[in-house]
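The values are calculated or read from the model by the stated rules, or taken from the named source; none is laboratory data. Bear in mind the structure is a predicted one, so any value in this text is a computation, not a measurement. Heads up, the Cβs are rebuilt from the backbone with ideal geometry, glycines too, and the neighbour counts pull from every protein chain shown.
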Amino acid sequence: MIAKIGKGANLHGVILYNFQKVEKEDGQIISLNNMPESLNGKYSVGYLSKCFDPYLSANRKTEKTIRHISLNPDPKDTLSNVDYIKIANDYMDEMGYKNQPYVVFKHTDIERVHLHIVTTCVQADGKKIPDYNDHKRSMDVCRNLENKYGLIPATEKQHTGNDKIFSPVEYKKGDIKSQISAVIRFIPNYYHYQTLGTYNALLSLFNISAEEVKGEIHGQSKSGLVYFALDENGDKASNPFKASLFGKQAGLQSLHDHFEVSKTAMKVTPAKSILKNTCSSVLHLTKNEVDFKNQLVEHGINVVVRKNKEGRIYGVTFIDHENRTVWNGSQLGKELSANVFNEYWKEGFVHSHEDSEFHNLELNQNTETADSDHVLHHLFDFIDGGVLENLTESFIEGIGSLIPSSHGDDYEEMAFENRMKKKKKIKRKKI
């Protein structure tokens, strides 16, 4: 079983996200903890949000107050609703959330049934539940639950310590050709991408760009590929290098061959639905582009956003390092297309609570019966702007994979905590 822990401040967004699944009959509420049940057994976004008010009002200094956790058993595990509830409660107990309010949603929108749990890390006294090293603790809890409930163990590769480092090109250091070669000669061995655009999105993490050039030689049309080094602003910082300088595998024909292989591989991979659900969940947990990117970085996912001169988004590409695939948002679904992000991030768009009362859902608990008896990810370091600084080969190959190709969904724990605002500190002292 794989657990993902998402951290944010948008309670309304994550509850609404889960309610939408239920409304589409792709999920159901199966359990509430330390929250009053409604008289008629029906619930709304507003009702559940208010159940968290006493805790959020008592908050002293925590910025990321909301936890959106997903528990992902193996698709081959046969579990009833009662089993899911027991697993969810045991997990929350072990993680220190026994006395916290939380709601458990069961999702069935993809082939693998999984749980989403919405809660807060703020306790009744306003103090934050300690979350230091909670990724490691979460993994240990999952292993214990696998043994307790006879679940199929999640497989995670081990770090070997003999990893090849893929570093971004630094044009000021010189020997740009060798720096570019060290990346593009190996990238096709690890990633699937279907277009020159997605290939360039991946290369941009390493400060590299590729362009197709066309011309005529002796009356015949010819085309080829050239590579450039990029500066910190994404602008060209070198003369073009012909693909032939880096070997046959860096050329246009090899690239097109790779596109075809990728199309076949990406058509059948379960990584697509996993990535789609992860990105959709994070979008509803965050409120702006920066938070969205930072959250996904903690899942081993980079986001490359392309904008025109007016600042309008015309393309969004997702680079899933765990599953080694690169996707345009439109490939994942309409809800992750450029138009959606333009609307969602426009003037800090947030869903209004006034609309939430129209979402009424029932709590379904016993529809089934139980069977008889650093600052960022430790494996790589991203600098501002989504540039990949130290991506190890072992991470590309799935080291410590929290989004494995077979199962797992939504959130890996974020390894950082936002800074506290100085002004708020001063106001509290005055009070």
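If you check THR120, THR62 for being in contact with a Leu (Cβ under 7 Å, 6 or more places away or on another chain) and of a type in the set (Ser, Thr, Tyr), only one passes: THR120.
Could you tell me whether VAL113 is surrounded by 23 or more Cβ atoms within 10 Å (Cβ to Cβ) and hydrophobic (A, V, I, L, M, F, W, C)? The answer is no for VAL113. Do the conditions hold for LYS86, that is, is it at pLDDT below 95 and assigned by TED's automatic domain parsing to the domain that holds GLU298? For LYS86, the condition - at pLDDT below 95 and assigned by TED's automatic domain parsing to the domain that holds GLU298 - is not met. Filtered by the rule that a residue be polar (S, T, N, Q) and within 10 Å of LEU275 (Cα to Cα), the range 297-339 gives ASN323, THR325.
Residues in the range 49-80 that are in contact with a Pro (Cβ under 9 Å, 6 or more places away or on another chain) and closer than 16 Å to TYR102 by Cβ: 4 in all. Kindly evaluate GLY197 against the criterion of being modelled with pLDDT of 90 or more, under 30 Å from the mean Cα position of the chain (by Cα) and surrounded by fewer than 16 Cβ atoms within 10 Å (Cβ to Cβ). For GLY197, the condition - modelled with pLDDT of 90 or more, under 30 Å from the mean Cα position of the chain (by Cα) and surrounded by fewer than 16 Cβ atoms within 10 Å (Cβ to Cβ) - is met. Checking the stated criteria, ALA58 turns out not to satisfy the condition of being touching a strand residue (DSSP E or B) at 6+ places or on another chain (Cβ under 9 Å) and under 23 Å from ASP140 (Cα atoms).
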